[in-house]
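**Q** Below is a structure I'd like to ask you about.
FYI, it's all coordinate maths here, none of it is from the lab. Keep in mind the model is a prediction, meaning the values are calculated, not measured. Reconstructed Cβ throughout: ideal geometry from the backbone, glycine too, with neighbour counts over all protein chains shown.
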Amino acid sequence: MGLGDIEYDHIIAATEEFRRLGRDNFLQTYGFGRARSYELVLDGMRYDSKAIAGVAHGHATGAFLTAGDFSGGAATVARRLRDLGFVVETGETPPNRATLLEHLRKLKVSRGPGSPGPSRHQPLSLLWALSRAADEQPRMTPWPRFRDEVGPLLVEFGLPNAKATPEYPFWHLRGSGLWEVQGIPAELTNAMPKLGILDAYHPQAGFKEEFAGLLLDPVTRLDAIATLCETYLQDVDRQTLFARMGLAGYTTAGGLASLPEDENTGTGDHTRATGPAPRRDTNRSVVVRDVALARKVKELEGDRCQICGTALRHLNRPYSQAAHIRGLGSPHHGPDELRNLLCLCANCHVLFDGLEIYVDPDGLVRGTRDGRAPHPLRRASGHPIDEAHLAYHRNLCHINDHKPAAG
């Protein structure tokens with residue numbers, strides 16, 4: 001079932017019900033909020049487009065859609081309504097990246113008695129929700145899953161002696177303007193619902209749709225992660241935090257082609273082996289790279305590393321590697337284009353992907369953790385480099401550079 005099941009008469013039936021019940025009762029009855037971006041305009045009245053479409057779908061099929069059922073978002077609803085001959089206008093200006101980051105910086109976090117800093121419950125919960133966005137999971141999460149996954153994170157990364165109360169961020173993040181909770185009857189929302197109510201009704205919570213849409217952009221998502229870490233989680237080890245959050249992809253600029261050497265994939269038998277090494281069958285999805293682009297960047301740079309200047313030879317032939325500045329695949333989703341490529345030696349490639357070195361806004365190569373002297377990145381004429389990709393890589397280096405104070 002989809003929006004294609006809806007026809008003109010079904011929309012008209014929904015608008016008539018809207019007028020009969022009134023906007024507030026209509027939206028409350030069918031579980032929708034006020035439209036933020038698109039409104040249906042008919043006979044001088046304005047209707048919340050998603051709510052109308054959800055109820056029209058019920059008239060068409062018997063299955064009434066809720067706000068969380070619209071995977072394509074308000075823009076998809078507007079397109080279907082226009083296809084049916086209706087007028088749809090933009091209402092409130094939709095939020096942008098700057099609005100999202102401003103909301104993240106101004107969370108209404110509490111401070112307990114004697115607490116050394118603001119509570120981490122809301123920032124950690126939002127970071128967990130960002131990990132779901134990076135993994136392309138549904139934006140709304142049922143309360144039992146939120147409780148079971150966020151609760152242990154609050155224990156591990158919350159302030160010392162802070163209680164793990166996942167019900168508080170689940171509900172009170174609504175005050176951030178970024179978050180919504182669905183599935184609690186309106187008469188029970190005047191105060192924070194007790195645990196028994198949450199357990200009984202199994203509500204769902206997550207980023208509001210307009211902000212979830214912004215977070216589909218990998219650059220905006222990284223900015224959101226950096227904002228939360230720098231504003232509220234300065235004393236947390238980022239490597240450990242990201243690993244536990246499901247954000248391990250943000251601890252490297254690119255994926256590792258092979259398993260770590262210390263991963264336990266063998267038997268532990270250190271006696272002398274006989275015969276060839278064992279093999280195992282695997283199924284995996286890999287990003288398809290443009291080999292011609294890799295050859296092009298090496299040709300432009302003369303197979304010389306743009307960072308250290310080394311010109312390697314292997315089997316009596318020049319050897320260099322084409323390194324993506326913003327990594328391909330999840331979670332970075334960088335483009336496979338010449339402007340996103342550097343020509344590096346194997347050593348500098350590992351350091352660059354491992355976030356040990358970066359290129360600053362002035363084009364100087366610097367160390368993330370050591371005091372190495374900065375030096376200019378070599379750039380051959382005819383080799384364009386997108387500064388936005390370098391900025392993305394710098395942001396990754398910045399959020400991974402921090403180490404908590406000893407003790």
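**Q** Given the rule -39500 (n - 2.57) for each run of at least 4 DSSP H residues, summed and divided by the residues of the chain, what is its mean residue ellipticity at 222 nm, to the nearest 500 deg cm²/dmol?
**A** On the way: 15 runs with 158 residues, N = 407.
Theoretical 222 nm ellipticity from helices: -11500 deg cm²/dmol.
**Q** For a footprinting-style exposure proxy, rank Val291, Val350, Val77 by other Cβ within 10 Å, fewest first. Before the final figure, lay out each step's value.
**A** On the way: Val291 9, Val350 16, Val77 27.
The fewest-first ordering by Cβ neighbours comes to Val291, Val350, Val77.
**Q** Next question, about the same structure. From the phi of every residue in segment 331-345, what ³J(HN,Hα) in whole Hz does the Karplus formula 6.51 cos²θ - 1.76 cosθ + 1.60 yield, where θ is phi - 60° and glycine or proline is x?
**A** Each residue's phi maps through the Karplus curve to give x, 7, 6, x, x, 8, 9, 4, 5, 10, 10, 10, 9, 10, 7 Hz.
**Q** While we're looking at this one, here's another question. Would you kindly derive the ³J(HN,Hα) couplings of segment 95-110 from the backbone phi angles with the Karplus curve 6.51 cos²θ - 1.76 cosθ + 1.60 (θ = phi - 60°), listing them in order in whole Hz, with x for Gly and Pro?
**A** Calculated HN-Hα couplings, in order: x, 10, 4, 4, 4, 4, 5, 5, 4, 5, 6, 10, 5, 8, 8, 8 Hz.
**Q** Listing Leu241, Leu107 from the residue with the fewest other Cβ atoms within 10 Å to the one with the most, what is the order? Could you put the intermediate results ahead of the total?
**A** Working: Leu241 20, Leu107 24.
Ranking Leu241, Leu107 by Cβ neighbours within 10 Å, fewest first, gives Leu241, Leu107.
**Q** Binning every alpha carbon pair distance of segment 291-401 at 10 Å from zero, what are the percents per bin?
**A** Histogramming segment 291-401 at 10 Å steps yields 15, 50, 30, 5, 0 percent.
**Q** So, R0 is 30 Å and r is the distance between the beta-carbons of Asp24 and His202; what FRET efficiency does that work out to, to 0.05?
**A** Working: r = 25 Å, r/R0 = 0.82.
The value I calculate is 0.75.
**Q** Additional query: List the lysines whose alpha-carbon lies under 22 Å from that of Lys208, not counting same-chain residues fewer than 8 positions away?
**A** Within the straight-line limit of under 22 Å, Lys208 reaches these lysines: Lys50, Lys106, Lys108.
**Q** Next question, about the same structure. From the phi angles alone, apply the Karplus equation (6.51, -1.76, 1.60; θ = phi - 60°) to segment 9-15 and give each ³J(HN,Hα) in whole Hz, x where the residue is Gly or Pro.
**A** Karplus-based 3J(HN,Hα) across segment 9-15 equals 5, 5, 5, 4, 4, 5, 5 Hz.
**Q** Arg244 versus Glu7, label points 7 Å from Cα toward the beta carbon: distance in nm?
**A** Going from the Arg244 label point to the Glu7 one covers 5.6 nm.
**Q** Let me ask you something else. Please name which of His10, Thr90, Leu377 has its Cα lying farthest along the dipole of the chain towards the positive end, using unit charges on Cβ (Lys, Arg +1; Asp, Glu -1) and the Cα centre as origin.
**A** Leu377
**Q** In addition: As I understand it, the dipole of the chain uses +1 on the Cβ of Lys and Arg and -1 on the Cβ of Asp and Glu, about the Cα centre. Which of Phe157, Ala67, Ala311 lies farthest toward its positive end?
**A** Farthest along the dipole direction, towards plus: Ala311.
**Q** Of Ser330, Ser176, how do they rank once you tally other Cβ atoms within 10 Å and put the fewest first? It would help to have the intermediate numbers written out before the result.
**A** Values: Ser330 13, Ser176 19.
Going from sparsest to densest Cβ surroundings: Ser330, Ser176.
**Q** Would you mind getting me the FRET efficiency between Glu136 and His314? Use the beta-carbon distance for r and R0 = 35 Å, nearest 0.05. Can you show the working numbers first?
**A** On the way: r = 39 Å, r/R0 = 1.11.
My answer for the efficiency is 0.35.
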